[in-house]
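Accompanying notes for the structure given below.
The values are calculated or read from the model by the stated rules, or taken from the named source; none is laboratory data. Computed from a prediction, not measured in an experiment: that's the story for all the values here. FYI the Cβ positions are ideal-geometry reconstructions off the backbone, even for glycines, and counts take in every protein chain you see.
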C-alpha cells in the first residue's frame, strides 16, 4: 500500500464532500455552508462544513479531516499493542443531516481509512457506513434506502450486505432504552480483506450510493405538511439521537476525549431537541407505528413496496 | 450504626421531597407534580416526582429512591473489593429545576447514604451537595448562594465549606470544553468521619439550606422580562447541561448502565435544548459576561454585594 493510495482516497472524500454540500445547498434558497480550512502540522487538514437554519436542512454537517503523526500513542493502541510506535495517517468524511420537516429522516454517513506504518509493512483498515433515522416511517423509503445500500456493496461479495446490515443494527442501538436509533443501513469497521484497492472500491461505492439513497427520500417528503404534533415528536426523537451520540458513539466519545475541536465533533448534534417525561404514544398512531414497525430490525431490502 | 439510623435519614429525605415539591407547586397556578410510588422487592421504593410545563418551572424533578440487596455485585465493588458479598442499602434524593425564565438559574441537589453490611460492622458513607447553573450572572445571587452554602456546613467544621466548594468546582466541569457547568456550590462523596450522627446532621443541614439558597433567587428573577435572545442563549447553555449529564455525571451514567428506570434517570434532562455551531458571544454582552465572570472558580462567599 502506497502513500498515493491514501492520497487517492483523500481526494475521493474531498470530492464527495463537495458534491454532497452542493446537493444540500441546491435545496436552500439562501442558506450556505460555513466552510473552514484548518491546516495542521505535517500536512494535516480539517475541513468542517456546517449549514444551519436552512428551509429544508435545519442543520447539515459534512466534515473532512486528515491527520497524521510520527508515533501512535499507547492510548491509541491499547487494543493493538502490535502498532505501538508506528507512524499513522487517518482520513475521514463524516456527515449528518437534520432536516426541518419531521417527515424527512435524519441521516448519517462516515467513511474513514486508517493507516499505521509505511510502505509494504503498513497496516490499514477502512471503517464507516451510512444509516437512516426516520421520525415517521414509510415502507417505500425504508425499502429504497436498504435496496440502494445492498446495490452498493453486493458487487463486491454476496455476504457484504447482510453482514454490514446486521453490524449496523447492532451498533446503532441504545442499550439503556433497548431501542434501535433508526432503521439502520450499512456499518463496517476494521475492514481489510487483504486487497486494499478492492476495499477502497467498496468503500467508495458506499460513498457514491449515499446521494442516491438519501435525496430521493428528501424529495418525496420535504413538502409533506406537518403541524406542532409532528414537530414535537421529532424534537423528542432527536433526544434519542443526542443520547446515542453522547453515550454510545465511539467516534464522538473518542473525539471529545482525544481533544478534537469540540465544535466539529458536536456539529452532529441536532439544532433543537426536547426531553419529555414518560411520554407514551397513542395506540394506532403514526408515532406508535414508528416504534412497532420501524424501530425493529427488519429485512427491508427483501420487501417490495 | 443501626437500621433505625437509615430509616431516620430515609424519613428525612421523604419529608424534604414533600417540602420542596410543595414549594415548587406554590409558584404554579395549575401545574402539578406527577407522583409515582414504585415499590420494589425487600421494601425498596422509588418515588419519582416530575413537574412539566409550569409557568415558572418548565421542568422540575424531585426523585426519591431506596434500594437494598442481599449481596453487592462484583461490578458494584470493583473499586472496593473489601465490600464484596455484603448486603447493602442506598437511599437518595435527587432534584433538578429547569426554570422557564432565562434569568432564573437551573439548580441541582443530591443527598444520598450508602450502607454496606449490617450492625456494628456496617460500612457507610454519604454523598451529595447542591450546585447552581445560571444563564445570566448576578453577583448578588452568586454571593447569596455560596454564603447560604457556607452557613449550612460551617458549624460542623471550618474546613467543610472550602473543601466541598473546591470539590464542586472540580466535579461540575466539562473537560472537552474546559468549562465549568455553573457557579458550583457544595459537593461531597465517600463522606464518613467516623461519626454517623454528626455526618447525618451535616447532610441534613445541606438539605435544609437548599430552599433558603435557591428560592430567594427564583423570587428575585422570575418576573424579569426577557426576549428571544435570552431564551436562545438559555437553550444553548442547556446543551452544556446535557453534555455534562450524559458525558460526565457518575450518577446518570451509573443509573443507565445499571438498568435503572430510564425515565427517572433522564428526568434531569432539560425540556428543550439547542446546539449551535461556533456560536460566539458579543464582547461586553451579558452572555459574554457569564463566561468571563461567572464560569470561573471564584470565592463568592467572601465577596460582598
Select from the stretch A:238-262 the residues that are touching a strand residue (DSSP E or B) at 6+ places or on another chain (Cβ under 8 Å) and either at pLDDT 95 or above or not in a loop (DSSP other than H, G, I, E, B) (or both) and list them in ascending order. A:238, A:239, A:240, A:241, A:242, A:243, A:244, A:247, A:248, A:251
Is it the case that residue A:16 is within 25 Å of residue A:198 (Cβ to Cβ), assigned to a strand (DSSP E or B) and in contact (Cβ under 8 Å) with a residue 40 or more places away in the chain? no
Residue in the stretch B:266-290 that is surrounded by the most Cβ atoms within 10 Å (Cβ to Cβ), counting only those that are away from chain A (no Cβ under 14 Å) and part of a helix (DSSP H, G or I): B:287
Suppose we filter the stretch B:126-164 for residues that are part of a helix (DSSP H, G or I) and under 21 Å from residue B:291 (Cα atoms); how many remain? 8
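What about residue A:142, is it over 30 Å from residue B:266 (Cβ atoms), buried (at least 21 other Cβ atoms within 10 Å of the Cβ) and away from chain B (no Cβ under 14 Å)? Quick ask: steps written out before the conclusion?
Working: over 30 Å from residue B:266 (Cβ atoms): no; buried (at least 21 other Cβ atoms within 10 Å of the Cβ): yes; away from chain B (no Cβ under 14 Å): yes.
Considered against the rule, which asks whether it is over 30 Å from residue B:266 (Cβ atoms), buried (at least 21 other Cβ atoms within 10 Å of the Cβ) and away from chain B (no Cβ under 14 Å), residue A:142 comes out as no.
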In the stretch B:1-24, how many are modelled with pLDDT of 95 or more and surrounded by 18 or more Cβ atoms within 10 Å (Cβ to Cβ)? 9
Residue B:253 vs. criteria within 9 Å of chain A (Cβ to nearest Cβ), surrounded by fewer than 20 Cβ atoms within 10 Å (Cβ to Cβ), closer than 28 Å to residue B:190 by Cα and without any contact (Cβ under 8 Å) to a residue 60 or more places away in the chain: yes
Residue ID - nearest to the other protein chains (Cβ to nearest Cβ), chosen from residues in the stretch A:34-73 that are under 20 Å from residue A:219 (Cβ atoms) and in a loop (DSSP other than H, G, I, E, B): A:54
Pick from the stretch B:174-190 the residues that are assigned to a strand (DSSP E or B) and either within 14 Å of chain A (Cβ to nearest Cβ) or in contact with a helix residue (DSSP H, G or I) (Cβ under 6 Å, 6 or more places away or on another chain) (or both): which of them is surrounded by the fewest Cβ atoms within 10 Å (Cβ to Cβ)? B:179
Do you know which of the residues in the stretch A:131-153 that are touching a residue at least 60 places away in the same chain (Cβ under 8 Å) and closer than 21 Å to residue A:248 by Cβ is farthest from the chain's Cα centre (by Cα)? A:135
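Residue by residue, here is whether (1) touching a residue at least 60 places away in the same chain (Cβ under 8 Å); (2) within 18 Å of the chain's Cα centre (by Cα); (3) within 18 Å of residue A:248 (Cα to Cα) holds:
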residue: A:129; (1), (2), (3): yes, yes, yes
residue: A:155; (1), (2), (3): no, no, no
residue: A:163; (1), (2), (3): no, yes, no
residue: A:167; (1), (2), (3): no, yes, yes
residue: A:170; (1), (2), (3): no, yes, yes
residue: A:177; (1), (2), (3): yes, no, yes
residue: A:188; (1), (2), (3): yes, yes, yes
Assess whether residue A:263 counts as being touching a helix residue (DSSP H, G or I) at 6+ places or on another chain (Cβ under 7 Å), facing chain B (nearest Cβ under 9 Å) and in contact (Cβ under 8 Å) with a residue 40 or more places away in the chain. no
Does any residue of the stretch A:74-90 turn out to be part of a loop (DSSP other than H, G, I, E, B) and more than 18 Å from residue A:125 (Cα to Cα)? yes
Condition test on residue B:233, is it in contact (Cβ under 8 Å) with a residue 12 or more places away in the chain, more than 10 Å from every other protein chain (Cβ to nearest Cβ) and assigned to a helix (DSSP H, G or I)? yes
Selection status of residue A:238, closer than 28 Å to residue A:25 by Cβ, within 14 Å of chain B (Cβ to nearest Cβ) and under 18 Å from the mean Cα position of the chain (by Cα): yes
Given B:37, B:32, B:42, B:59, which one is free of Cβ contacts under 8 Å to residues at least 60 places away in the same chain, within 24 Å of the chain's Cα centre (by Cα) and under 19 Å from residue B:261 (Cβ atoms)? B:37
Restricting to the stretch A:28-54, what's the tally of residues that are on the phi < 0 side of the Ramachandran plot and surrounded by fewer than 19 Cβ atoms within 10 Å (Cβ to Cβ)? 16
